[in-house]
Amino acid sequence: MDDSQRNNIVSTRIFLSTKRHEFKFPVTLFLILLLLHLPFQVEPVNEHGDEQHDVDQEDEEGEYPADDLPEETHTEPPPPVEYDPETQQLITSANAARNDFSVADRELREIETQLNAVRATVEKDLGAEEEYAALVGECFNYEDREYIYKLCPFDRTSQQPRAGGSETRLGNWEAWKGAPPNIYSKMMFSNGSGCWNGPQRSALIHVECGLENKVTGVSEPNRCEYEFKFETPAACTVEAIERSEGPSGKHDEL
Ligand code: MAN
């Protein structure tokens, strides 16, 4: 090795040593900063995590008594209690009696429902000679341009748009409303569905003698107050026929 080579090696070493120092300084600085920084980063996470954990623990401890923690819910069910034969016999008899009672109770309710329906029909005034009995359970339709109207004597009246849509209750059976002595000349249905900004709907039915049961017209003289014209043979009493004959002696309606 000659002098110039030796000089080269020395200067390279010096250069490298300088560089090593230059390199070491930022690394050291980074490590110091990291150490300083670590607690600030770790602390909030720990705090948060620890707090969360503490709260959960507190909650759980507050909610469950110490001997009722979730892992203890997997315990085996207790073995069935064994009774002595006499007690077991009593329990079996009691269960059978309870079943019999619930069957009888259900039957009683059904009979009561039927009885109420019969009572409601019997209590209805079906005419001086029960001449309107044939109308019980029947419904009669009438269509105008907009609606299909339905009259179910002693039950309800309704209105349904021809274009489709739900039925609107125009009234439930209330009573005969004709002026005495012709009380059977008008039927009143009330407490129908509420009219917007108005009364509950109601319908007055004018009952007249006719050859068949038929609604011949429906109108709404006042908003949500409807009037039906209904013809029925049930209304053809001697008085009605005499009334319809008029002064000429001829039948006006039949
Ligand atoms: C519906 C029908 C009508 C009634 C109005 C009142 O359109 O029941 O007969 O007049 O409601 O808002």
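No value in this document is a laboratory result; all are computed from the given coordinates. Values in this document were obtained by computation on a predicted structure and should not be read as measured data. When we count neighbours, we look across all protein chains shown, and the Cβ atoms used for this are built from the backbone with ideal geometry, even at glycine.
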Sparse-neighbour loop sites [trypsin sites (Lys or Arg not before Pro); region 126-170; at most 15 other C-beta within 10 Å; DSSP]: Arg145, Arg162
Tensor-based shape of region 136-254 (alpha-carbon gyration tensor, a/c under 1.5 rounded, otherwise prolate or oblate): prolate
Vicinal HN-Hα couplings computed from phi for region 88-99 (Karplus, 6.51 cos²θ - 1.76 cosθ + 1.60; Hz; Gly/Pro x): 4, 4, 5, 5, 4, 4, 5, 4, 5, 5, 5, 5
Charge tally in the Cβ shell below 9 Å around Pro233, where Lys, Arg are +1 and Asp, Glu are -1, Pro233 excluded: -3
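Once you list every other residue whose beta carbon is under 15 Å from the beta carbon of Arg106, what net charge do they have if Lys and Arg are +1 and Asp and Glu are -1? Numbers along the way, then the final one.
On the way: positive: Arg98, Arg109; negative: Asp100, Asp105, Glu107, Glu110, Glu112.
Taking every Cβ under 15 Å from that of Arg106, the sum is -3.
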Residues Tyr184, Tyr226 arranged by fewest to most Cβ contacts within 10 Å: Tyr184, Tyr226
